[in-house]
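These notes are about the structure you will find just below.
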Amino acid sequence: MIGGVLPPGFKEVLALVEERAGLAAPSCLAAALEGIQRAMARANQDDVTRYLHEVALDHALFDDLLTELTIGETYFFRTHEHFDHLRRVVLPELRERRGQEHLLRAWSAACSSGEEPYSIAALLMAEGWEERMTVRATDVSRTALSRAQQARYTDWSLRGPSADRMRAHLKQEGRFYWLSQDVKRHVQLGYLNLALETWPSSESGIWQLDVIFCRNVLIYFNRATIEGVARRLHASLDDGGYLFTGPSDPPLGDYAPFEPVLTEWGVLYRKPLSGANAGHFVPLQPLAPLRTDGTPFTAGPQGTGRTGSGAVPAAMDPRTRPSPTGGSSGPAPGMPSTFGAEGASAPWGTGLAGSVPPAWGTEPSGSAAPASGTGAYGSGTPASGTGPVSGGRSSSGTRPRFALSVEALEAVRQALARGDWREGARRAGAQSADPEEAVAAVRALANLDPRAAVFACGEAVVRHPLVAGLRYLEALLLLGQARLADAEKSARQALYLEPGLAVGHLLLGHVLRRQDQSAAAARAYREAEGLCRKLPPEALVPLAEGERAGALADVARSEWRRLERTEGGDAS
């Protein structure tokens, strides 16, 4: 049912679009109304009832209407990280697994005016697949397909940071660029409505694919259509095939048995290998640990890990870290102080070396209870029988208890003392199959060695790529090591997985502010405030360590207002 207030007849037009193409009701009905009116004007119609009748029968009118209701934003090598990953990871893995003579099959779903499939073809040609590839390209708009077939472009299609890769295949005539036949011949264009159960099939060529690009189209679909499209995308892939979706597209793990792969720029999906081929897949590795100056850190036998003494390198200690305005800095406003350095109320990820409340961290060595069972976990399990959680509180208002046994704690310390971060992470439980236990273990490890905790968090992310809390925790840890670029990536990944994570936006604001990106930081703070304002003032904010929504909203508001005053030159 289409909601909102629209003039009579326009709601029925949107309902037809939802029925035919699976498009969800637009969030901005005013913009949709304007789009329908523009399409009506081109059809020389001013009566919406008559227009509805005609658009239901005329494919060209329906295509024109779809063009108005969807953005169709594209350019050559858009989201270059996807193409870089295809070149660096996917193609070498396919060549190794399938052999030099394998015919690579790629598909650009919702190809619009063709920039995406032609970019795929150009990349494959450059990587030596020219005679062993086929690229399918489909769209629901015949108008868009006609433009793709014409392959005539302007500077607007070359505005991306990697679009220069395409210039060798373009011939300029005046203000237009014509695509060379060498690239065009590799791309097979065709009409396809993703919302219909007409694919995959051998007749359409949409089957046993190695690579699918289906980007920035799922955002338009309603939930039922997303579920059907996800299921069919999975069925269209060959075993081990890869699916690239857009950064705003919804996660697909709940709809089809994809193998999610979380990279430094976002999530892509893989159809799991079966049988003897499964051993060919090598999962992506976590971020490598770095020193605070950005140089690689190589763990060695000379006691490079800390032994829990509480010492913090000066570059990490929040008591000596310069603030953005000069002088020493306390906790970042609005950030939890759970991982504070001794004697200071430090935010997560700034010191990370002092005491952690026993409910989350390792027990003090003099009070840790001996293990009452097997494994690394001692008797510190919650009385209710529930396991550790990744943030917030239990329904009873108390945090579940997580504690290492004396033996496990000592084993972790010994591993860190000899620089064996992987063993320390394993002993702490960071590789647990339960993501909540993994989060709790990483927090405990942060009290012993923040750098080891970053490593452990990275490994946990590989095991649990869709847990936003892990990426958020990783961002906090990286911020504490002054790895601002990496912290920003992790924070954005957390928000990619959970866009409504208020503390994620707040953390991103802190990271951007420290990188002197004031305008972007202010936007992040405003988003954090808006999310918190939607909650009751006394509600606990997820992952905020007991912070209330009203207080956190006030913090976010003060931060963006302070940044705006500073930008305007009014700051003292």
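Here are some notes:
- Condition broken by S146, with the remaining ones in (1) open to solvent by 60 Å² or more (accessible area, probe 1.4 Å); (2) part of a strand (DSSP E or B); (3) not basic (K, R) satisfied: (2)
- Residues that are part of a loop (DSSP other than H, G, I, E, B) and either more than 21 Å from A453 (Cα to Cα) or in contact with a strand residue (DSSP E or B) (Cβ under 8 Å, 6 or more places away or on another chain) (or both) within segment 477-527 comprise Q481, R483, E498, P499, G500, L501, Q515, D516, Q517, listed in sequence order.
- Candidates V135, V89, V55, filtered to the one that is open to solvent by less than 10 Å² (accessible area, probe 1.4 Å) and in a helix (DSSP H, G or I): V55
- Members of segment 528-556 found to be part of a loop (DSSP other than H, G, I, E, B) and of a type in the set (V, I, T), listed by number: V541
- One residue stands out among those in segment 222-264 that are of a type in the set (D, E) and closer than 26 Å to E488 by Cβ: the one that is most open to solvent (accessible area, probe 1.4 Å), which is E264.
- The set of residues in segment 119-132 that are among the small types (G, A, S) and open to solvent by less than 20 Å² (accessible area, probe 1.4 Å) comprises S119, A121, A122.
- Yes/no for A168 being surrounded by 14 or more Cβ atoms within 10 Å (Cβ to Cβ) and not basic (K, R): no
- Meets criteria (modelled with pLDDT of 90 or more, acidic (D, E) and within 24 Å of G205 (Cβ to Cβ)) for E115: yes
- In segment 87-108, the condition of being in contact (Cβ under 8 Å) with a residue 12 or more places away in the chain and on the phi > 0 side of the Ramachandran plot is met by no residue.
- Search result, residues across segment 461-489 that are of a type outside the set (K, R) and free of Cβ contacts under 8 Å to residues at least 40 places away in the same chain: H464, A468, L484, A485, E488
- L33 modelled with pLDDT of 75 or more and either of a type in the set (K, R) or in contact with an Asp or Glu (Cβ under 8 Å, 6 or more places away or on another chain) (or both): no
- Within segment 154-256, strands (runs of 3 or more DSSP E) holding 3 or more residues that are touching a residue at least 24 places away in the same chain (Cβ under 8 Å) and within 19 Å of F76 (Cα to Cα): 176-179, 187-191, 209-214, 237-245
- Considering residues of segment 433-454 that are over 22 Å from the mean Cα position of the chain (by Cα) and not in a helix (DSSP H, G or I) only, the residue nearest to R483 (Cα to Cα): D449
- The residues of segment 511-533 that are crowded, with 18+ Cβ neighbours inside 10 Å, among the aliphatic types (A, V, I, L, M) and more than 22 Å from G469 (Cβ to Cβ), listed by number, are A521, A522.
- In segment 414-430, the qualifying residues are those that are part of a helix (DSSP H, G or I) and surrounded by 21 or more Cβ atoms within 10 Å (Cβ to Cβ), and the one that is nearest to the chain's Cα centre (by Cα) is A425.
- Qualifying residue in segment 557-568 (condition: free of Cβ contacts under 8 Å to residues at least 12 places away in the same chain and outside any helix (DSSP H, G or I)): yes
- Unique residue being within 16 Å of the chain's Cα centre (by Cα) and closer than 26 Å to R548 by Cβ when the list is G500, G480, G509: G500
- With respect to the stated conditions, V461 is within 14 Å of the chain's Cα centre (by Cα), open to solvent by less than 30 Å² (accessible area, probe 1.4 Å) and at pLDDT below 85.
- Of residues in segment 534-572 being modelled with pLDDT under 85 and open to solvent by 90 Å² or more (accessible area, probe 1.4 Å), the one farthest from the chain's Cα centre (by Cα): S572
- When A106, A110 are checked against the criterion of being modelled with pLDDT of 80 or more, part of a strand (DSSP E or B), crowded, with 21+ Cβ neighbours inside 10 Å and not polar (S, T, N, Q), A106 stands alone in meeting it.
The values are calculated or read from the model by the stated rules, or taken from the named source; none is laboratory data. Just so we're clear, the structure is a prediction, and the values are computed from it rather than from any experiment. In this analysis, Cβ positions are derived from the backbone assuming ideal geometry, glycine residues included, and neighbour counts consider all displayed protein chains. Heads up: the accessible areas ignore ligands, DNA and RNA and are worked out on the full protein's heavy atoms, side chains in. Shrake-Rupley method; radii C 1.70, N 1.55, O 1.52, S 1.80 Å.
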